[in-house]
Amino acid sequence: MLRATERRRRGSSPYAERRRAPFRDDAMPQFFESRKLRYEIHKQWEKRWEIAEIINDGRERNRPFTRSDFEAVERQVLAAANALLNSGEVDAVRVLRERERDDGFLTTSEIFFREASGGRPEPPVTVSRYDGAVLPCVMPNDLYARPACKVIGALLRSYLDKHCLTALELLHFHPYIRKLNDSYSLVQGAIHQAATAQAKIGGTVKERAAALHALIAAAESKARDAMAEKRLPVIEEGAIAAFVERIAARYPEADRQFYMAVALARHFQGSQSLLAKLDFALEALAGEPPREMAQLLDELAAGCLDSSQLVMDLLGHQSNLAEALTSLAELAAGQGETTSGAAATAKLRSLIAAGRLPVVAEGLWDRIVREFSRGRPLSRAGEKREWDLLLQTADRLEAACPGEYKAAIGEAAKLRIRRIRDAALLNG
């Protein structure tokens, strides 16, 4: 007791003394000695991400890899990232740190992201076009479901990409909703598009728009109430099952999915990229979480992959649209090979092949059908090559796709054949 009193008199405590104690390299020998570190410096230019440089930890096998070595490598990597950022030749720079255990297990995290100051003005945020069906929603839970999130992800694509958000996060975190409401014309444009599509099924555009406004207001109110939750369980690294148990102990079954999504949105609050969120979802799914969380992580990953830019980053360079569609079909089927450095792509293939990402796979096939149906040329080498690639690509896509997509792929191929023939008649 006298010792404790004396510490308080001196403004100290055993905890403060412990905090002031220097970090010892032998406190975490497993992290520094058993995990190889690899860094990818990515640069963004013309809305595309490319790998600018890869830096390995350079550890020597005849001595331990200490904290000083780790800090020196990190300084080197961040110095290279900042130098690239200040070169005036890029729009943004990010750094991914990959850790590999001796057994080959990989984890990837984003440790740096910064946009270049000045330069060209950002493109305006607009409402994108959505050609698919928009089913009416009755309750906020319908709005949180994947079909509605897919529509929101398409209509508000430029807004979500700008803020590195998924539709799922947007709907479950009130600060995001409040910020979106500042863009009144953007919200109104998205509602009008959705209402117009719904009116084709029944009702008038005005009626459908009014129903959507009421539904969005209910979702906003629910997200605002969730902000008052002070004891909401948090997600700790590698402890997904424990998080789900705490959610189950605190909330009735009908509310668990909602509050798990709220916790996810809080967990990602900040400047994390869509790639970092995707990697989190994939790593958590690899640990076989409880069913409710596995479904939510699948939907989160699908929301990340609604971004065309992220899909292009994962596929890497493709010489033409035909090659990109074939590579995407292989990925959607959990097949194909992954180039070195694309850790997230390798995880995607593995989990899709294991049947752990059904929502992601469905989203990728929807994208394939959508892109194949559009008028962009498959080839950059002229009409003759376009015809050959069309036949090859159609065969490959039909062979790889699930049965429910074969008819859509066939219709898209016929549409392209008609376009080629019409063009030949006009030029002939």
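Read-outs throughout are calculated quantities, based only on the coordinates presented, and are distinct from any laboratory measurement. Everything quoted here is computed from the prediction, not taken from an experiment. Virtual Cβ from ideal backbone geometry, glycine too; neighbours counted across all protein chains shown.
Here are the numbers for this structure:
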read-out: The chain: angle of helix 146-155 to the longest principal axis, Cα-based, in degrees nearest 10; value: 80
read-out: Descending semi-axes in whole angstrom, ellipsoid equivalent of the range 242-329, from the Cα gyration tensor; value: 31, 13, 10
read-out: Calculated FRET efficiency for the pair residue 249/residue 162, C-beta based, R₀ 45 Å, to 0.05; value: 0.75
read-out: Pairwise label distance in nanometres, residue 388 with residue 131, each label 7 Å out on the Cα-Cβ vector; value: 2.8
read-out: Among 158, 308, 185: highest mean-square fluctuation, GNM of the chain, C-alpha pairs under 10 Å; value: 185
read-out: Sum of -39500 (n - 2.57) over DSSP H runs of 4+, divided by residues of the chain (222 nm, nearest 500); value: -19000 deg cm²/dmol
read-out: Average projected area [Cα convex hull, the range 143-278], square nanometres; value: 8.9
read-out: Ratio Rg/Rh [Cα only; Rh per Kirkwood] for the range 286-428; value: 1.03
read-out: Chain lengthening between residue 229 and residue 241 when straightened (0.36 nm per residue, less Cα-Cα); value: 2.2 nm
read-out: Per-residue ³J(HN,Hα) for the range 388-404, Karplus 6.51 cos²θ - 1.76 cosθ + 1.60, θ = phi - 60°, Hz, x for Gly and Pro; value: 4, 5, 4, 5, 5, 5, 4, 5, 5, 5, 5, 6, 8, 7, x, x, 5
read-out: Nitroxide proxy distance, nm - points 7 Å out along Cα→Cβ at residue 45 and residue 145; value: 4.6
read-out: For residue 401, net neighbour charge (Lys/Arg +1, Asp/Glu -1) across residues whose Cβ lies under 14 Å away; value: -4
read-out: Trypsin sites (Lys or Arg not before Pro), loop per DSSP, at most 15 other Cβ atoms within 10 Å - longest free stretch of the chain; value: 232-373
read-out: The chain, dipole about Cα centre (Lys/Arg Cβ +1, Asp/Glu Cβ -1), debye to the nearest 20; value: 1060
read-out: Amide H partners (placed H, <5 Å) of residue 92, local residues excluded; value: 44, 116
read-out: Per-pair calculated FRET efficiency, R0 = 22 Å: residue 36 and residue 83 via Cβ, rounded to 0.05; value: 0.35
read-out: Å³ per residue enclosed by the Cα convex hull of the chain; value: 214
read-out: Whole-Hz couplings from phi, Karplus 6.51/-1.76/1.60, listed for the range 291-299; x for Gly and Pro; value: 4, 4, 6, 4, 5, 5, 5, 4, 5
read-out: Integer Hz, Karplus 6.51/-1.76/1.60 couplings in order for the range 210-223, x for Gly and Pro; value: 4, 5, 5, 4, 5, 5, 5, 4, 5, 5, 5, 4, 5, 5
read-out: Sequence-separation-based contact order of the chain, relative, with Cα cut under 8 Å and 6+ spacing, percent; value: 11
read-out: GluC sites (Glu not before Pro), loop per DSSP, at most 12 other Cβ atoms within 10 Å - longest free stretch of the chain; value: 90-235
read-out: Descending principal axes extents, the range 222-368, alpha-carbon based, whole Å; value: 51, 28, 26
read-out: Stretch gain in nm, segment residue 267-residue 213, where the contour uses 0.36 nm per residue and the Cα spacing is subtracted; value: 16.6 nm
